[in-house]
Amino acid sequence: MTKWVAAFAIMLIMVGSFAFGARTADAQQAITVNEQGYENQFPDGLRFHLEAESSSPIEEIRVYVRKLGQSSRSVYRTVEFEPGERVSGEALFQSKTANEFIPTGTRLSYHFDIRTADGQRLETEPQVLVYLNRGLDWDSVSDGLINVYYYHHTSQSEERANQVLEVAADTYAHMGPILGVELTEPMNLVVYSDYADMRAALQTSSRVAQQRLRTLGQAFTNERTLLVDGSNDPFVGDNILTTTAHEFTHLLVADAAGTAYGQVYVWLNEGLAVYSEGGNTEFGLYVNTAIRNDAVPPLASLRTYAGTPQETLRNYGLGHSVVTYMLDTYGTEKMTRLFDAIRTMHNFEKSLETAYGLTIIELDNEWRESLGLAPRELSTPVLPAFQAIPTRRPTPIPAGSAQQAPAPQATERPTATPMPKNEPAPTYTPMPAPATAAPPAAPSGGGCGAPPPRSAGRSLPTEVASVALLAGPLGLLAFGAARRRDRDG
């Protein structure tokens, strides 16, 4: 594994700031930067500072910051200083605001724009940093464009990081050709050896969610970064490997679709992610029940997921089933063509017709027939796509209700409203309840962009993990290690 690329970024983080002098090539623009840099003030953000002088009074300084990910958008902050010929000033770039969130692992580029009273102007050369929790002994492993950041917390920290890197690299080797993705920009994965450290890096959530749900992984498609719980905790178990494969696939899907990522229907996005982990037999419980009860919804209605936890688990399984059918029947080339069309046409259903020669209803019917279901009439009304779903609080499911999961082993999931386009995709698992705790309450709705409340179910070790129903992409069904042992044993 080569470490030098990511290690250089970490060196910048640890040093935090650096000083140098720079004069413009034009002698008439005598603006000199004596010192520039930043201080990592995680979790609040970054404080940029600059010292400069000029033959004419300096009147304005801005610092421009850009996330090096899917977007090329830059934002700026005004540097506060007393105007004069020799100035020193600072600007705080916050990482958690109503309009801005910087996930850890994000690569950032920044530069200063300096202007004087007589019209002189100087833009400094862009500098690159990686935003990480401060106060931790960060290190990294890399295979080129996939970088895994970790810190030395236990003797197993480096081993965990290498496992994550191997899974991500294998996922890229497997799914990259299917999606038509060839990485040209880095993907960063951050492995936390202590969940308290990871919690500090997550977006703000309700106190109940923080106490009762544990985030196993969270993908940030715009920033090309992924946070993973790699703590040495039997509660986490081997989830780190399936979480990495699933969520890393979401990063690859976003890379394949580019600016049209929001056009990718969720059944396809999640179906590909489940496919990347080799499938999931637990989803099959819900799929088989839906087939037996003729409760398979139209694909056109699964633009995003909403409804009861059982319905969402069913839809995860249905997405995986459709993706498997598409790849087995038509091969990988047409899937590659589909994403190429999505990227250029910005319309999923037209892209599907271009790549496969099928309308979404025709694909739906082919797939239904492969399951032994009768095809739908082409004139059958299609349920509306969930484009704007308000915050909702579903009615708790009483014990013994017909809406309960089809088998005692089935996992109930909390519901949540869709997140804004291309927002993070957390993977959740319920926190173990204290020995004297009462049985958990039934699920209630979560907010858009915050972890939802805990799911209903039994306490560990027999309870499996919960999933967040988020729209773009959704979370991953992550099974607890104890449940794995029960099933495999």
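Within region 284-374, none of the GluC sites (Glu not before Pro) combine a DSSP coil assignment with at most 12 other C-beta atoms in a 10 angstrom radius. The base-10 log of I(q)/I(0) for region 307-382, evaluated at q = 0.18 Å⁻¹, reads -0.84 [Debye formula, identical scatterers on Cα atoms, solvent excluded].
Value of Rg to Rh for region 15-130, rounded to two decimals, is 0.98; Kirkwood radius and Rg both from alpha-carbon coordinates. Distance between the pseudo-spin-label points of GLN127 and GLU90 (7 Å out from Cα toward the beta carbon): 1.5 nm. On full extension, the segment bounded by ALA30 and ASN293 gains 86.9 nm, given 0.36 nm per residue less the C-alpha separation. Applying the criteria of a DSSP loop state and at most 14 other Cβ atoms within 10 Å to the GluC sites (Glu not before Pro) of region 120-194 yields GLU182. Centre-to-centre, using Cα atoms only, region 97-168 and region 330-366 are separated by 36 Å.
FYI, it's all coordinate maths here, none of it is from the lab. From a predicted model like this one, the values you see are computed outputs, not experimental measurements. We place every Cβ from the backbone using ideal geometry, glycine too, and count neighbours over all the protein chains shown.
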